[in-house]
Amino acid sequence: VVALLGPRDFEGLRVVVSAGGTREPIDPVRFLGNRSSGRQGAALAADAAARGAEVTLVAANISADVLAEARHPSVRVVAVGTAAELATAMKGAAAAADVVVMAAAVADYRPASVAAHKLTKEQGVLTHLDLVENEDVVAALASARAQGGAPSGQTIVAFAAETSEDAEERRDRARRKRERKGVDLLAVNLANAERGFERLDNAVEIVGEGGAVVRAAEGTKHQVAAAILDVVLGVR
Ligand code: CTP
Ligand code: CA
């Protein structure tokens, strides 16, 4: 009913959302991962579709029950595992997108090599892993846009989970991150045990042009999604 009565203010827009968390294999049975459930991204995908958008959801290791929250005739799901797979999927989809929302938690590093067989104690005790840095996907999308590799007027939104208890420090980190990545909007949330990960409710501040906090939103992931989508339309 809400979808039928709600605004269709994303009609005609192609939206790409990444969500979930990448997994970087160590061996065939182990990986480096993170706690992102994908709920905020699933809510963003579903809500953009309900508002009329054609949505591609690039889903990194999202459980079936969370993915079900994004089910909509206008949501196409592309499943990925690693940061490299996510990068390939995002570059493909973003090339024709009006709005890109990078809600996925991308592993910053991956093991330098992946063992072909399960590592065992018989081979010796493992004391460290060599890592290499993963590409910054959203920064790559922003530079592709700057070089004309995306529809003109494409809006790019990044997320940041900052664990500092000091709100001003969080905002400053968000401002620097927004500049460094070349994105239009950066939604910063406080990730600690209380809220953010693995919970239904969320609180974000959205940093925009010039580092201004253009919106603060708190509530369910759908309420936060609605606020983010409103801000996206506002800057377009
Ligand atoms: N991101 C990305 N590719 C990466 C890492 C992050 O696209 N390799 C994106 C995330 O999806 C998010 C934004 O960049 O939208 C910010 O992620 P965050 O981890 O906060 O930024 P980092 O630059 O990795 O900084 P930090 O050292 O704080 O982890
Ligand atoms: Ca990171």
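The values are calculated or read from the model by the stated rules, or taken from the named source; none is laboratory data. Quick caveat: nothing in here was measured; it's all calculated off a predicted structure. Cβ: placed from backbone, ideal geometry, glycine included. Neighbour counts: every protein chain shown.
Given the conditions (1) modelled with pLDDT of 95 or more; (2) more than 16 Å from ligand 2 (Cβ to nearest atom); (3) surrounded by 10 or more Cβ atoms within 10 Å (Cβ to Cβ), and given that Glu169 satisfies all but one, which numbered condition is not satisfied?
Just one mismatch for Glu169, condition (1).
Pull up the stretch 181-215, narrow it to residues that are at pLDDT 95 or above and out of contact with any helix residue (DSSP H, G or I) (no Cβ under 7 Å at 6 or more places or on another chain), then point me to the one that is nearest to Ser18 (Cα to Cα).
Restricting to residues being at pLDDT 95 or above and out of contact with any helix residue (DSSP H, G or I) (no Cβ under 7 Å at 6 or more places or on another chain), the top hit is Glu209.
Tell me which residues, restricted to the stretch 54-64, are more than 14 Å from Val100 (Cα to Cα) and surrounded by fewer than 24 Cβ atoms within 10 Å (Cβ to Cβ).
Asn61, Ser63, Ala64 - these are the residues of the stretch 54-64 that are more than 14 Å from Val100 (Cα to Cα) and surrounded by fewer than 24 Cβ atoms within 10 Å (Cβ to Cβ).
Taking the criterion of being small (Gly, Ala, Ser) and in contact (Cβ under 8 Å) with a residue 60 or more places away in the chain, would at least one residue in the stretch 137-149 satisfy it?
Within the stretch 137-149 (the criterion being small (Gly, Ala, Ser) and in contact (Cβ under 8 Å) with a residue 60 or more places away in the chain), the answer is no, since none of the residues qualifies.
Out of the residues in the stretch 100-125 that are surrounded by 10 or more Cβ atoms within 10 Å (Cβ to Cβ) and over 30 Å from the mean Cα position of the chain (by Cα), state the one that is modelled with the lowest pLDDT.
Gln123
Any idea which residue in the stretch 69-116 is farthest from ligand 2 (Cβ to nearest atom), counting only those that are β-branched (Val, Ile, Thr) and not in a loop (DSSP other than H, G, I, E, B)?
Ranking the candidates gives Val75 first.
Does at least one position in the stretch 74-83 carry a residue that is closer than 21 Å to Phe10 by Cβ, basic (Lys, Arg) and more than 13 Å from ligand 1 (Cβ to nearest atom)?
Yes: one or more hits.
Which pairs do you get when a residue that is touching a residue at least 60 places away in the same chain (Cβ under 8 Å) and over 25 Å from Val58 (Cα atoms), found in the stretch 105-129, comes within reach of a residue that is among the charged types (D, E, K, R) and more than 16 Å from ligand 1 (Cβ to nearest atom), reach meaning Cβ atoms under 7 angstrom, with the pair 6+ apart or on two chains?
From the stretch 105-129, the pairs are Ala115/Asp27; His117/Asp27; Lys118/Asp27; Leu119/Asp27.
For the stretch 1-53: of the residues being of a type in the set (Asp, Glu) and crowded, with 18+ Cβ neighbours inside 10 Å, which is nearest to the chain's Cα centre (by Cα)?
Among those that are of a type in the set (Asp, Glu) and crowded, with 18+ Cβ neighbours inside 10 Å, it is Asp47.
Confirm whether Pro73 is over 30 Å from Ala116 (Cα atoms), at pLDDT below 95 and surrounded by fewer than 24 Cβ atoms within 10 Å (Cβ to Cβ).
Against the criterion (over 30 Å from Ala116 (Cα atoms), at pLDDT below 95 and surrounded by fewer than 24 Cβ atoms within 10 Å (Cβ to Cβ)), Pro73 does not qualify.
Considering only residues that are assigned to a loop (DSSP other than H, G, I, E, B), closer than 17 Å to Leu32 by Cβ and away from ligand 2 (no atom under 13 Å from the Cβ), which ones fall in the stretch 120-163?
Leu126, Thr127, His128, Leu129, Asp130
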